[in-house]
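Trainee: Encoded as structure tokens, here's the structure I'll be asking about.
Where a number appears in this text, it was derived from the coordinates with a stated rule and is not lab data. All values reported here derive from a predicted model rather than from experimental measurement. Cβ atoms come from the backbone with ideal geometry, glycine included; neighbour counts cover every protein chain shown.
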């Protein structure tokens, strides 16, 4: 009987080893361990055994049963695992295929520049002032020390609608309006971005419509050195810490003294190249101390108050910063142009 | 203003300062030098040659065979195509091995079988612009005066061994429209002296006043008129050095008399005019305003019709010059002129400006009058010109002048304290330094205690107030020497306004939703200006547009965005979504500033979603556009105040357009562009919206308030309704929400069917209703009670019943 059990064990284990599927394995389980199986049969015949043999055979039979069960269990796990692996293998994908696109547009490059400048000056305590694009001659010219017949009006040939109403030629009227609103009291610290218009034929460097950003600070002790310091902070934050600035005297009717600000050329590091026309410097903006006539017209006592103002062109800054070669790109809105400005630097 | 470095040396010692260094110094102290041109750059081995023989080329009728002495032993043979080359001329010869502008290299060559050892040059070939070349040489080679020495450098003789500084003058620095003005500026920068030009004059015995009388009627326009008379002049070419200087300043040489007037214009900044005395037709000069409609032929042979705005110089009867702008053909100096009447006058800038503008004649003279000339240079300039005419035109200058002088000249006297200078500049400059600066400028300056009183010379008409003095100090002290500081005093909070903050939210939301921001022009055509306009207003037209396409201010943004889509579609980008925020302009009546309203517009065309390898392709539809708007209003907290109502908008699809209402008022529309308009723009189906961003962003929103998260489950019941086809889901939803309040929290459409299984004129629409009580779990009975109420309301108010 012992031999019979051993034989059964060996036989079952061999079959388990050879089995290739879960179904077959189950058949083996039923065949060997089932109620009608050979081991059960052996146990049924135990009654005929002596009292000494009975526990020995009983123990052996259980041992054999457990051994077979364990073997089946192990094999089953192996087969199940293999099945999972096979399923996963079948599910594998080409991970190099493109993902589902997430739609996203982005800021126009001019908005990108303007918001960057706005944020920079907000950090220095400025507010953003806005004003009408169709202006009265008074705010566009006269309040800025440009009386009728002034030769400097030539500098900005304008789109008039009537004799007194025109498309603003600069964002400076916002300064005049803001000062007027403050009724002769300081301090004022504002940045004025917006669209402006001039009678220019559109070409690679001219546009009849373009953007401008102006800044104005009015207070009781505003100095030219404050203008220089402010512009220096702006230039370094906007164009890089390694840039130098230089002020050159210039002329604007609404400021006196007037200056233009250059920054050192990034391309050549100031040694001179085509970008800076071999000067080592690139012109960025115009600025100056607010003309006393402008202060007085807006109701400020020019003996007590001083101020500085500056103005720049976002197109020019974008062209310099991003290397854009034609101002018309900003207004054509070719998506192959627009989508290049999605990147956050 | 073009400034010759060599010429400038006559007035200021420039030793030790190269042209490039000088340019840098001038730029840094106030006048931008826009460029420095080296006149003889890239040119070498061009000498004066003497044409010993000339004969026609044996094989070519248009070529000449010349034997030219170039100062190197035997004369050389040169073939020359110029029509005016001839025996006995002194000419510019580019020798074999010479270099000419544009990288041209002269080699020994054979032209039609004849050897040519060099090239006889025109001035154009030496890098001089055609418009600057005296007429007689503009079609051929240049002929030097007989005394030019053979073999010497032809370019040096032509004054081309020079560098030209191009000054970009701002309107306030009209003083530098003259060599003398520039000399004063440079002398101040370098701290050197100014040498004034020679005017030492020997007069004839006859008096100018015997030849002519001067009367001025329009004294405000012309407070000073000085006439000099020069007799026995011989008209010929001016000396080569003078021609060279004129050309380097951008003026074409004519003859000695005319060249001298132009030379003085450049030297003194004082415009002069030379009349042929014998052609004046009278012995008097009368300056007056023209009569309206008076006709006059200027020396460019154009007949001008004058008005009473224009000042004319007359012979007592008819005009002989348009004052300060251009002389008349009737009194022009010609080669036969022997007596010259020389005008040196002070004309009012505004009067000259008007005339030059009206006639489109901007001359060197008018530009100077317009910007203001130095009243104290009117006489010396006339004297100097007469001196040069005596010297270079062989003339006899008559004694004295004939003149009218009612001009009062008062130099500006301005005082300022040292404290103010330092307070405005943020510097610590000493009085001694300030005084030194004014001394260098040759401004009289008197110090009394802390105050310096400055008398500005009349040449510097731009100096009027304290700030002008501060600028002079600042620019010569050097902006580099001003410290870097930041404003002190009370701080101001830097921030965006609520409106500006929300505008940025709108932009970010739309870009996150897949739209590119566009920026387009405010000016458009009459036809496009009002297309898709939200408000029916008059268009605003420019008085003088540059083109019809940019003549009117826009009333809407959409036409421009459709243009953007069209542009991109034509370039293989036919699936695109763009938006723009910007002002539109609403007329308020004529001569009144229009109202400006900020709009938001978006346009979407082509495929909204496209994922090709997974086979997903979804063209844009109404609900894409509307979904973006719903998301936007959600973000702005306005969802409950906005509704969409079926509407007719011109240019839009009649069945696929909704008016957008905020608190019941129309603020814009959303929908499909009318197929005919789509066709007009060559677009596929395109969905758009435009609305008043101003209305949206000015809407006050509720403060953000936390709502507790429900702790009890909700109960959902779905209903499928049969309703009339015309009944819109929005009105059914309103009925449901109203009848189900307060337990009913939401009702959502989840199915819509209007196929042939429905009875004619009916559709099936299914809603999912969500009931909830925040305080407890609802029982089935409670929900059923409310739900029945909802169903009854639907049947009663909309005839919508459960689908059987």
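Trainee: Considering Cα pairs under 8 angstrom that are at least six residues apart, work out the relative contact order of the stretch A:197-326 and quote it in whole percent.
Mentor: In percent, rounded to a whole number, it is 29.
Trainee: May I pose another question? What spacing in nm lies between the two simple spin-label points modelled at residue A:14 and residue B:779, each 7 Å away from Cα in the Cβ direction?
Mentor: The answer from the label model is 7.3 nm.
Trainee: Here is a further query. Considering the Cα positions of the stretch B:498-698, please state its Rg to one decimal place and its Dmax as a whole number of Å.
Mentor: Cα radius of gyration and Dmax of the stretch B:498-698 are 16.7, 60 Å respectively.
Trainee: How many partner chain Cβ atoms sit within 10 Å of a residue's Cβ in peptide B:586-593, on average, as a whole number?
Mentor: Per-residue shielding by partner chains comes out at 3.
Trainee: Please state the shape class of the stretch A:242-345: rounded when a/c is under 1.5, otherwise prolate if a/b exceeds b/c and oblate if not, all from the C-alpha gyration tensor.
Mentor: oblate
Trainee: Would you mind giving the mean number of other chain beta-carbons within 10 Å of the Cβ of each residue in A:183-192, as a whole number?
Mentor: 2
Trainee: Using the Kirkwood formula on the Cα atoms of chain B, what hydrodynamic radius do you get, in angstrom to one decimal?
Mentor: 35.0 Å
Trainee: Moving to a separate point now. Be a star and scan the stretch A:283-302 for residues whose amide nitrogen sits under 13 Å from the point 7 Å along the Cα-to-Cβ vector of residue B:465.
Mentor: Once the point is set 7 Å along Cα→Cβ of residue B:465, A:289-302 turn out to lie under 13 Å by backbone N, inside the stretch A:283-302.
Trainee: For a paramagnetic label modelled at 7 Å from the Cα of residue B:754 toward its Cβ, which residues of the stretch B:648-691 fall within the zone defined by backbone nitrogen distances under 12 Å?
Mentor: B:655-656
Trainee: Under 13 Å from a point 7 Å along the Cα-to-Cβ line of residue B:20: which residues of the stretch A:270-309 have their amide N that close?
Mentor: A:271-273, A:278-280
Trainee: Cα centroid distance between the stretch A:193-246 and the stretch B:470-486, in Å?
Mentor: Their Cα centres are 19 Å away from one another.
Trainee: Rank the residues B:209, B:335, B:248 as a footprinting-exposure proxy: fewest other Cβ atoms within 10 Å of their Cβ go first.
Mentor: Neighbour counts put them in this order, fewest first: B:335, B:209, B:248.
Trainee: Going by the alpha-carbon gyration tensor, a ≥ b ≥ c the square roots of its eigenvalues, is the stretch B:44-157 rounded (a/c under 1.5) or, if a/c is not under 1.5, prolate (a/b greater than b/c) versus oblate?
Mentor: rounded
Trainee: Relative contact order (percent) for chain A, with alpha-carbon contacts under 8 angstrom and 6 or more residues of separation?
Mentor: 15 percent.
Trainee: Gain in length, residue B:663 to residue B:703, computed as 0.36 nm per residue apart minus the alpha-carbon separation, to one decimal in nm?
Mentor: 12.6 nm
Trainee: Taking every DSSP beta bridge that has both residues in the stretch A:116-223, what percent is antiparallel when rounded to the nearest 5?
Mentor: 90 percent
Trainee: Ok, one more. Give the order of B:236, B:522, B:490 when sorted by the count of other beta carbons within 10 angstrom, beginning with the fewest.
Mentor: By the 10 Å Cβ count, ascending, the order reads B:490, B:236, B:522.
Trainee: Let me ask something else. Just grab the label-to-label distance for residue B:612 and residue B:738, each label 7 Å out from Cα along the Cβ direction, in nm (one decimal).
Mentor: Placing both labels 7 Å beyond Cα along the Cβ direction yields 5.2 nm.
Trainee: No solvent, one uniform scatterer per C-alpha: report log10 I(q)/I(0) for chain A via the Debye equation at q = 0.11, 0.14, 0.15 1/Å, two decimals.
Mentor: Ignoring solvent entirely, the Cα scatterers give -0.82, -1.12, -1.24.
Trainee: Please report the antiparallel percentage of the DSSP beta bridges confined to chain B, to the nearest 5.
Mentor: 95 percent
Trainee: Would you mind telling me which residue in A:100, A:316, A:199 has the biggest mean-square fluctuation in a Gaussian network model of chain A, where springs connect alpha carbons within a distance under 10 angstrom?
Mentor: A:100
Trainee: Between the stretch B:663-682 and the stretch A:87-137, what's the alpha-carbon centroid distance in Å?
Mentor: The two parts, judged by their Cα centres, are 27 Å apart.
Trainee: Just the ratio, please: alpha-carbon radius of gyration of the protein assembly as shown over 2.2 N^0.38 Å, N its number of residues.
Mentor: Compared with the compact-globule rule of thumb, the protein assembly as shown sits at 1.40.
Trainee: Quick one: work out the % antiparallel among DSSP beta bridges in the protein assembly as shown, nearest 5.
Mentor: Rounded to the nearest five, the antiparallel share is 95 percent.
Trainee: Still on this structure, please answer the following. Across peptide B:567-577, what mean number of C-beta atoms from other chains lies inside 10 Å of a residue's C-beta?
Mentor: Whole-number average of other-chain Cβ neighbours for B:567-577 is 2.
Trainee: I need the P(r) histogram for the stretch B:203-405: all alpha carbon pairs, bin width 5 Å from 0 out to the longest distance, whole percents.
Mentor: Spelled out bin by bin, the stretch B:203-405 gives 1, 8, 17, 22, 23, 17, 9, 3, 0 percent.
Trainee: For the stretch B:134-255, just say rounded, prolate or oblate: build the C-alpha gyration tensor, square-root its eigenvalues into a ≥ b ≥ c, call rounded for a/c under 1.5, and beyond that prolate if a/b exceeds b/c, oblate if not.
Mentor: oblate
Trainee: Still on this structure: Apply 1/(1 + (r/R0)^6) to the Cβ-Cβ distance of residue B:634 and residue B:2, taking R0 = 56 Å, and write down the FRET efficiency to the nearest 0.05.
Mentor: 0.30
Trainee: Now for a different question. Express the relative contact order of chain B as a whole percentage, based on alpha carbon pairs under 8 Å and six or more residues apart in sequence.
Mentor: Worked out over chain B, it gives 8 percent.
Trainee: Label points 7 Å out from Cα along the Cβ direction at residue B:504 and residue A:27: separation in nm?
Mentor: The answer from the label model is 7.5 nm.
Trainee: Determine the distance separating the Cα centre of the stretch B:119-158 from the Cα centre of the stretch A:31-85; give it in Å without decimals.
Mentor: 123 Å
Trainee: Arranged from highest to lowest average of other beta-carbon atoms within 10 Å per residue, in what order do the peptides B:705-711, B:349-355, A:29-35 appear?
Mentor: Descending packing order for the listed peptides: B:349-355, A:29-35, B:705-711.
Trainee: Still on this structure, I have one more. Can you put B:233, B:17 in order of Cβ neighbours within 10 angstrom, beginning with the fewest?
Mentor: By the 10 Å Cβ count, ascending: B:17, B:233.
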